[in-house]
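**Student:** Structure in structure tokens, see below.
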Amino acid sequence: MSGVSNIIEAFIKNLLENADGTIEIQRNELAEYFQCAPSQINYVLSTRFTQNKGYYIESRRGGGGYIKIIKVSINEYEDINDIIVNTIGDSITKNKAFDLIEGLLEEDIISQRESDIIKAAIGDSSLKCDLALRNSLRAYILKNIMLILVK
């Protein structure tokens with residue numbers, strides 16, 4: 001299934017790029033186009049187009065329902081320092097942290113090398129401590145790295 005998910009993700013990202021960051025699509029039409037179940041479309045949207053990755057999704061159910069996807073450029077925020085601090089908070093899971101890093105990479109705010117270094121620094125194998133402390137420590141390290149990188 002991940003092959004289909006990758007294809008759907010690439011298709012949606014291409015649509016977003018060609019439409020200047022905002023598209024409206026119908027879930028059923030997209031599922032029909034890819035010959036998959038609508039739940040597959042839901043899966044792609046809920047895992048690959050999250051707020052942490054810089055996407056906003058609006059959904060309307062029903063016969064005329066649609067999905068509106070907006071790619072929010074990190075550069076559009078007035079105060080990126082505030083966004084990073086509020087997004088990360090006092091604790092962050094590895095998955096959410098990696099999503100945030102991927103979003104910064106996609107926006108060309110950080111390089112692939114910087115992304116790899118940050119992921120290595122905040123990954124579970126680097127933070128050998130209790131889980132509750134690990135997510136707090138990860139947040140602290142990530143906030144400090146991000147605040148330096150975006151200046």
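**Student:** According to the square roots a ≥ b ≥ c of the eigenvalues of the Cα gyration tensor, what is the shape class of segment 75-149, taking rounded for a/c under 1.5, prolate for a/b larger than b/c otherwise, and oblate for the remainder? Could the numbers behind the result be given before it?
**Tutor:** On the way: a/c = 2.27, a/b = 1.40, b/c = 1.62.
The shape class here is oblate.
**Student:** Is it possible to state the helix-based mean residue ellipticity at 222 nm for the chain, with each DSSP H run of 4+ residues giving -39500 (n - 2.57), the sum divided by total residues, to the nearest 500 deg cm²/dmol? What is it?
**Tutor:** -18500 deg cm²/dmol
**Student:** Which distance in nm do the two modelled labels at Ile7 and Asp90 give, with both placed 7 Å along the Cα-to-Cβ direction?
**Tutor:** For the pair Ile7/Asp90, the computed spacing is 4.7 nm.
**Student:** State whether segment 2-71 is rounded, prolate or oblate according to the following rule on the C-alpha gyration tensor (a ≥ b ≥ c being the square roots of its eigenvalues): a/c under 1.5 gives rounded; otherwise a/b larger than b/c gives prolate, and the remaining case gives oblate. Don't skip to the answer; put the middle values down first.
**Tutor:** Details: a/c = 1.42, a/b = 1.11, b/c = 1.28.
Rounded.
**Student:** For Leu147, Leu142, what's the fewest-to-most ordering of other Cβ within 10 Å of each Cβ?
**Tutor:** Numbers: Leu147 14, Leu142 22.
Placing the least packed residue first, the sequence is Leu147, Leu142.
**Student:** Between Tyr55 and residues 5 or more places away or on another chain, which pairs have amide H atoms under 5 Å apart, with H built 1.01 Å from N, and which residues are they?
**Tutor:** Sorted by chain and number, the residues that satisfy this are Thr50, Val72.
**Student:** Helix 131-149 versus the longest principal axis of the chain: what is the Cα-based angle in degrees, 0 to 90, to the nearest 10?
**Tutor:** In the chain, helix 131-149 runs at an angle near 90 degrees to the longest axis.
**Student:** Still on this structure: Given R₀ = 41 Å, what would the calculated FRET efficiency be for Arg113 paired with Ser59, taking r from the Cβ atoms and rounding to 0.05?
**Tutor:** Numbers: r = 37 Å, r/R0 = 0.89.
E(calc), rounded to 0.05, equals 0.65.
**Student:** Sum up the charges of everything whose Cβ sits under 14 Å from the Cβ of Leu127, counting Lys and Arg as +1 and Asp and Glu as -1, but leave Leu127 out. Numbers along the way, then the final one.
**Tutor:** Numbers: positive: Lys94, Lys119, Lys128, Arg134, Arg138; negative: Asp124, Asp130.
For residues surrounding Leu127, the net value is +3.
**Student:** Setting aside same-chain residues fewer than 8 positions from Lys128, which lysines have a Cα under 27 Å from its Cα?
**Tutor:** Result set, ordered by chain and number: Lys53, Lys94, Lys96, Lys119, Lys143.
**Student:** Angle between the Cα long axis of helix 112-122 and the longest principal axis of the chain, 0 to 90 degrees, nearest 10?
**Tutor:** With rounding to tens, the tilt is 60 degrees.
**Student:** Label-point separation (nm) for Glu106 and Thr47, each offset 7 Å from Cα along Cα-to-Cβ?
**Tutor:** Those two pseudo-labels are separated by 1.5 nm.
**Student:** So, one more: Which order, highest average first, do 14-21, 99-106, 25-32 follow once you tally other Cβ atoms within 10 Å for each residue and take the mean per peptide?
**Tutor:** 99-106, 25-32, 14-21
Read-outs throughout are calculated quantities, based only on the coordinates presented, and are distinct from any laboratory measurement. Here the structure is a predicted model, which means the values were calculated and not measured. Positions of Cβ are generated from backbone atoms using ideal geometry, with glycine treated the same way; all protein chains shown enter the neighbour counts.
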